[in-house]
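These notes concern the structure reproduced below.
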């Protein structure tokens, strides 16, 4: 078997990771990470850059409303003012155990600029402190809040675009399914999952080929699943188990060297089989997480720009 094609700057990044391996995400390591400023984990991505509107918001926490609990949100908009239109609800990656608004601010800002749309980034609860289904509960609640609260948002949503990377891509899909079955104040008009987990199929070719040495190590993937403690047969964890009928159009993005690649491919294929208008883009020669490694992998900048150009064209063409 020939070795897979790896872009030169991706290979250099992987070599650096191999020389400086990340810690295994045990509960003890996560406890230490929780004490660090979130911005410390954002160093591999580009900064927010020029963004006329960056505003912190808060919405009621569905698990803690009686005690005044809140879910943090952050609005990114390349315009100071805009009329009614689509709003992107963005869910960050991090294996359901790390990440947040701060770590993915650069990505959220790039999406806002690339699509010329407001983006609301969601600080959903993380495992192991908050196990499944806390994350999908928060993701769904946030989408419903954005749909129903134009005064607090300062923008009127006429439709929602659910988007996320990795674990966040999973939450985007799960939210699209939930809002199909029980609609929000405005419909989900488009789904934009980026290298999502959709089935946690351990025996796929990509899981085997890229289990170690490609940035998403098998030991950590096993811990992500242990910490999250989801029902692997439930569509709110493995949306490949769901019926796709009636879902909105989609752009599904995968990375060629990603253990999750085949899950993303399978999701796109199942959408197409169900008659859902679906575009598919696979980033060649690169790895899981490339869109959040843009400060370290120069080719990822152009790759993510291509993805956003495609997404904008598809969204602009929606009825």
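The values are calculated or read from the model by the stated rules, or taken from the named source; none is laboratory data. Just so you know, these numbers come straight off a predicted model, no measurement behind them. Ideal geometry is used to build each Cβ from the backbone, glycine not excepted, and the neighbour counts take in all protein chains shown.
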### Query
Hey, among 46, 57, 36, which residue is crowded, with 17+ Cβ neighbours inside 10 Å and over 20 Å from residue 139 (Cβ atoms)?
46
### Task
Sort out which residues of the stretch 214-235 are at positive phi and buried (at least 18 other Cβ atoms within 10 Å of the Cβ), and write them in order of number.
215
### Task
Would you tally the residues in the stretch 296-310 being part of a loop (DSSP other than H, G, I, E, B) and surrounded by fewer than 17 Cβ atoms within 10 Å (Cβ to Cβ)?
0
### Query
Among strands (runs of 3 or more DSSP E) lying entirely in the stretch 40-92, which contain 3 or more residues that are out of contact with any helix residue (DSSP H, G or I) (no Cβ under 6 Å at 6 or more places or on another chain) and either at pLDDT below 95 or under 22 Å from residue 124 (Cα atoms) (or both)?
53-60, 70-77
### Answer from 211, 185 - the residue that is farther than 25 Å from residue 282 by Cα, surrounded by fewer than 17 Cβ atoms within 10 Å (Cβ to Cβ) and in contact with a helix residue (DSSP H, G or I) (Cβ under 6 Å, 6 or more places away or on another chain)
185
#### Entry: Residue selected from the stretch 236-246 under the condition under 18 Å from the mean Cα position of the chain (by Cα) and over 29 Å from residue 31 (Cα atoms), by the criterion surrounded by the fewest Cβ atoms within 10 Å (Cβ to Cβ)
240
### Query
Taking the condition part of a helix (DSSP H, G or I) and buried (at least 20 other Cβ atoms within 10 Å of the Cβ), does residue 287 pass?
no
